[in-house]
């Protein structure tokens, strides 16, 4: 049986003999790469970068602290960044972005139609990239054919995420605010009822002195000289009602103070995301450059043509062997 050899020397000689063919295929690949550069649509990428602020810094216990002086970092931690990434990947946030950026006008699809809306969501999901770095900053990039659209979508993505992240905390605070405010309304009603009762008792028995619920502070004075029937009971009733009313008034003042604190923590001037790099319309297209595309085409043309020649030569040599 005759052995067939095809060593490195044979490979080099084969490539030398077919160098014209390899060069022709390489030039053809470069030409195809040039055609691709001409017919391809130029895309642009807008990039915005932001930090996540620590939501605890805008909390009521931090803004109006009087006892706890614990340090609160301005920057959010990994847990806060995780929440932002979760919001960014939600359909609710992405739906608001495509509507605010008028994707139906840009990409000429009906956003109110189920198929059109799904197509627009797919376009956004394909072209957007949201990445976090080891420095806890988050970058948002969007690729589009129009540089202005690319920048606007990147900036709008940051804006919508900030509003959604803010609403997550402010909604809970507003629920607490509403609950306390309802209690204040109830206290107002109770205080008015007790005031009417006290006014009636004072007018009925002619007791207009300030009677403290704390019995040790009562100055008997003129009241001790009055011996009218029912007068003592009236004093006891006024003291009891005043004690309740004073406590309700104190509670109401505390509740109103708490309401003002919660109102301050929900102010829109508090930012939950800090934009450090605003996306501007890019001046250069994204993707591989002309030189890179042509070089890659040349390498592919030369590589495939060389492999084709070597395989063809080797099989011909195998077939020429007498079996």
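Key figures
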read-out	value
Residue among 280, 275, 248 that alone is in a helix (DSSP H, G or I) and surrounded by 13 or more Cβ atoms within 10 Å (Cβ to Cβ)	248
Residues that are at pLDDT 75 or above and assigned to a loop (DSSP other than H, G, I, E, B), drawn from segment 57-70	59, 64
Residue match in segment 46-56 (condition: at pLDDT below 85, assigned to a helix (DSSP H, G or I) and over 15 Å from the mean Cα position of the chain (by Cα))	yes
Cβ pairs under 7 Å, 6+ apart, first in segment 305-319 and closer than 18 Å to residue 30 by Cβ, second surrounded by fewer than 16 Cβ atoms within 10 Å (Cβ to Cβ)	305/21
Checklist (1) at pLDDT 80 or above; (2) crowded, with 16+ Cβ neighbours inside 10 Å; (3) closer than 23 Å to residue 30 by Cβ applied to residue 262, failing item	(3)
Flag for residue 139 being assigned by TED's automatic domain parsing to the domain that holds residue 248 and modelled with pLDDT of 90 or more	no
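The values are calculated or read from the model by the stated rules, or taken from the named source; none is laboratory data. From a predicted model like this one, the values you see are computed outputs, not experimental measurements. Cβ sites come from the backbone with ideal geometry, for glycine too, and all protein chains shown count toward neighbours.
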